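The values are calculated or read from the model by the stated rules, or taken from the named source; none is laboratory data. Keep in mind the model is a prediction, meaning the values are calculated, not measured. Ideal geometry is used to build each Cβ from the backbone, glycine not excepted, and the neighbour counts take in all protein chains shown. For accessibility, only protein heavy atoms count, side chains too; no ligands or nucleic acids. Shrake-Rupley method; radii C 1.70, N 1.55, O 1.52, S 1.80 Å.
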Amino acid sequence: MKRKPFIAGNWKMYKNASEAVTLVQTIKAAAHTVSDVTIVICPPFTALGVVSKILTDTAIQLGAQNMYSAPEGAFTGEISPTMLKDVGCRYVILGHSERRQYFKEDDILIHEKVKTALKYSLVPIVCLGETLAEREAKKHFDIVKTQFDECLARLEKDDMAKVVIAYEPVWAIGTGKTATPDQAEQMHSYIRRLLNERYSQEVGNRIPILYGGSVKPDNTKSLMEKPNIDGALVGGASLKAESFAQIIIEAQQTHEAGINS
Ligand code: PEP
């Protein structure tokens with residue numbers, strides 16, 4: 001039996017508070033029949049409060065797109081894990097390639113953030129993935145292994161068991177180019193092997209590994225059919241309620257078909 005499907009929407013720097021209210025209300029209505037998928041919505045910081053209120057009586061979880069690695073302090077412009085908890089977040093995306101590329105975040109900082117998130121009971125969704133040049137140079141497995149080791153190494157097994165991993169090849173994010181299901185599965189099974197070797201089979205079996213990079217309703221099924229692809233981190237397609245809801249429904253149906261076959 002496969003792990004419970006997990007679909008997270010990353011709204012990036014889109015939607016002000018009133019647009020966020022409309023979007024989340026529509027997603028809530030469209031996804032109300034779905035019971036067997038973990039659904040997480042990650043709006044921008046300024047919309048977390050209003051979205052949180054709308055999600056209080058639902059199974060849809062709230063996540064943030066980033067946080068700082070300290071619980072509080074003189075860090076102008078940053079947001080702390082305790083602030084995220086206070087507003088109702090359970091998840092936080094860390095190490096997204098846009099943070100690495102535009103804000104120069106490196107594996108050392110991401111590792112600090114992962115440790116802090118876990119300390120304050122937030123579940124980190126840790127993003128790993130290679131650039132196009134790295135894939136063309138056939139370095140993609142080495143790159144992901146280094147990111148894995150540097151972002152996650154030295155975590156206690158109990159902490160590691162709480163983490164969610166997202167494999168997001170940088171060349172597939174927001175480009176309309178998706179990794180083929182076989183390319184994605186190869187990397188997901190490689191990451192699963194790292195989890196088994198570095199931690200334990202139990203940890204490896206348990207952790208959801210999401211795929212991210214131009215996921216849409218029409219490619220969700222072929223990705224989710226793969227044994228090590230447990231879900232998706234969805235950017236662009238999570239900004240439209242209809243497409244995000246359809247991705248969630250596809251994930252549920254693919255999972256049910258797998259369970260029943
Ligand atoms: C993302 O932002 O994590 C992402 C995968 O974006 P998109 O789905 O638009 O490629």
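Which value, in Å² rounded to 10, gives the accessible area of SER222 with a 1.4 Å probe and all protein chains present?
Rounded to the nearest 10, that gives 50 Å².
Give me the aspartates and glutamates in straight-line cross-link reach of LYS177: C-alpha distance below 18 Å, same-chain residues under 8 apart excluded.
GLU98, GLU130, GLU134, GLU136, GLU168, GLU185, ASP218
May I ask you to give the solvent-accessible area per residue for region 27-73, in square angstrom, as obtained with a 1.4 angstrom probe?
For region 27-73, the per-residue accessible area is 43 Å².
So how compact is the chain: Cα radius of gyration and Dmax in angstrom?
Expressed in Å, the Cα Rg and Dmax of the chain come to 17.1, 55.
Taking only protein heavy atoms and a 1.4 Å probe, what accessible area per residue, in Å², does region 166-247 have with all protein chains in place?
39 Å²
Counting Lys and Arg as +1 and Asp and Glu as -1, each charge on the Cβ, what is the dipole of the chain about the Cα centre in debye, to the nearest 20?
Its charge dipole is roughly 140 debye.
Taking the Cα centroid of region 49-116 and of region 205-261, what is the distance between the two, rounded to the nearest whole Å?
23 Å
For CYS127, what charge total do you get from the other residues with a beta carbon under 12 Å from its beta carbon, if Lys and Arg give +1 and Asp and Glu give -1?
So the surrounding residues net to -2.
Picking from THR38, THR220, THR22, which is most flexible by a Gaussian network model of the chain using Cα springs under 10 Å?
Looking only at THR38, THR220, THR22, the largest GNM fluctuation is found for THR22.
Could you compute Rg(Cα) / (2.2 N^0.38 Å) for region 179-261, with N its residue count?
Its radius of gyration relative to the 2.2 N^0.38 Å reference: 1.12.
Report the GluC sites (Glu not before Pro) located in region 151-251 that are in a DSSP loop and have at most 16 other Cβ atoms inside 10 Å of their Cβ, or state none.
GLU156, GLU225
Using +1 at the Cβ of each Lys and Arg and -1 at the Cβ of each Asp and Glu in region 138-188, identify which of GLN186, VAL144, TRP171 lies farthest towards the dipole's positive end.
TRP171
Sort 69-80, 108-119, 133-144 by the packing proxy (mean of other Cβ within 10 Å over each peptide's residues), most packed first.
Highest-to-lowest ranking by the protection proxy: 108-119, 133-144, 69-80.
Using the beta-carbon distance between GLN186 and ASP149 and R0 = 25 Å, what value does 1/(1 + (r/R0)^6) give for FRET efficiency, to the nearest 0.05?
Computed FRET efficiency for GLN186 and ASP149: 0.85.
Where does the charge balance sit around GLY236 when Lys and Arg score +1, Asp and Glu -1, over other residues with C-beta under 11 Å from its C-beta?
Value of the local net charge: +3.
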